1. For A:T82 and A:S59, compute 0.36 nm times the residue count separating them, minus their Cα-Cα distance, and round to one decimal in nm.
2. At A:K106, label 7 Å along Cα→Cβ: distances to the other copies, nm, ascending?
3. Suppose you put the label 7 Å out from Cα in the Cβ direction; list, shortest first and in nm with one decimal, how far A:R86 is from each other copy's label.
4. Kindly state, to the nearest 0.05, the FRET efficiency for B:D68 paired with A:E98, given R0 = 45 Å and r defined as their beta-carbon distance.
5. Under the convention of a label 7 Å out along Cα→Cβ, give the distances in nm from A:Y60 to the same position in every other copy, shortest first.
6. Please give, to one decimal in nm, the separation of the simple spin-label points placed at B:E45 and A:T50, each 7 Å out from Cα toward the Cβ.
7. At R0 = 22 Å, how high is the FRET efficiency between B:E109 and B:E28 if r is their beta carbon distance? Nearest 0.05 is fine.
8. Once you order the gyration tensor axes a ≥ b ≥ c over the Cα atoms, which shape class does the stretch A:25-119 get: rounded for a/c under 1.5, otherwise prolate or oblate by comparing a/b with b/c?
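FYI, it's all coordinate maths here, none of it is from the lab. Fair warning: this is a prediction, and the values are worked out from it, not measured in the lab. Positions of Cβ are backbone-derived with ideal geometry, glycine not excepted, and every protein chain shown enters the neighbour counts.
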2 protein chains.
Amino acid sequence: MHRKKAHFIKKERSSPGLRGRIWIDGSEGTFLGYGRIILLELIREHGSITKAAKSMEISYRHAWELVDSMNRQSPKLLVEATTGGRNGGGARLTEEGEKAVNLFWKFYEDFQDFLKHEEKKLSSLLHKRRVR
Amino acid sequence: MHRKKAHFIKKERSSPGLRGRIWIDGSEGTFLGYGRIILLELIREHGSITKAAKSMEISYRHAWELVDSMNRQSPKLLVEATTGGRNGGGARLTEEGEKAVNLFWKFYEDFQDFLKHEEKKLSSLLHKRRVR
DNA sequence: TTTCGATATTCCCTTAAGTATATTACGTTA
DNA sequence: TAACGTAATATACTTAAGGGAATATCGAAA
C-alpha cells in the first residue's frame, strides 16, 4: 500500500463531513495510533529511528518516546534497536511489529468504510451558507 | 438518555482495547464533536451558557467560543442567546440545535457499536505483560 | 433611572506537547 | 585505538489550547 506522507492527512483541514480517529489503548494509554503505525512503517523502511523521524518531520525525541511507549506496552518488542556497530546502530521492525501494523490497518480500513457509509446520513445539517 | 457527567469519559484513562472518536467537520474545522454536543445539551437544560459552562467545568470563554463556532458553521443558529433583561439574558437550544444533537448521538451510537464489534478482532497483541 | 445577571469581548497566565539542541553511550570497522 | 553514525538521555525553548479575571454591553423590572 503506497502511503508516502499520508500522515499529513491530519493537517488537511477539513472539508465538511464525518471524520474520526481510532487507536488502540494499552496499559499506559495510547498503544497504537495512526502516527505510531506510520512511524513503525518508516522504521522498517529506513532501518533507523533517526531517519524515520526525519522523514516524518517529527523530532527524534518524540519518535523515540513513541517507540519506547509501544515497546513497553507490548508483550513482545515491536522495534528492536541496536546501538553502536557498523553504521552506529539502527532499528528494525520485529515480526510482532509487522503484526501490529497489519492489525491496525485492518481496523483502519474498516473504520474508513464505516465513516463513508455513515456520512450518507449527513447532508441535512451542512450545505447552505448562512451569512451573518 | 441519562448522560450526567458523561463528558468525563475522555479522562477515564484507558483500559486496553479499541478506542476512537468521531466528529463532524464544517467549513472552519470541527463543527460538532462530543464535548460540543454535551455543551448543547447543558445549554438546553440550564438555559444559559454560563451555567452550562460551570456544570461542564469549562471556562465561560471556552464555552462561548464553542457556541460561536457552531453557530457560525451552521446554516441556522443552533443556540440563540439573548442579552439583558430580567435575569440578564440567557441562551436556548433552537430546533436546529435539537436536530444536531440527535444526529450526533445517532452517529455516536453506531460508532460505539462499530468499536465493540471490531474489538473482537483484537486480543492477540494485548494480554500478557512483559517485564523489562 | 438604577439595579441586576447573563452575554460579549479582551488581556494575561498557565500548562502540556512537541521541538531543538547538546551530550553521552555504544560497538563495529578501518 | 580513533572514527563514525545511531541510540539514549537530559535540558531549554517554543507554541497553542484553554483558564481566569476584568470590563463593557444589554434590556427588563423595580
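1. Numbers: separation 23, 0.36 × 23 = 8.28 nm, distance 1.94 nm.
Once the chain is fully extended between A:T82 and A:S59, it gains 6.3 nm.
2. 3.2
3. 8.2
4. On the way: r = 47 Å, r/R0 = 1.04.
Efficiency at R0 = 45 Å is approximately 0.45.
5. 5.0
6. Spacing of the two 7 Å Cα→Cβ label points: 5.5 nm.
7. Numbers: r = 26 Å, r/R0 = 1.20.
Once rounded, the FRET efficiency stands at 0.25.
8. Working: a/c = 2.14, a/b = 1.82, b/c = 1.18.
Judged from the Cα gyration tensor, the stretch A:25-119 comes out prolate (a/c at least 1.5, a/b above b/c).
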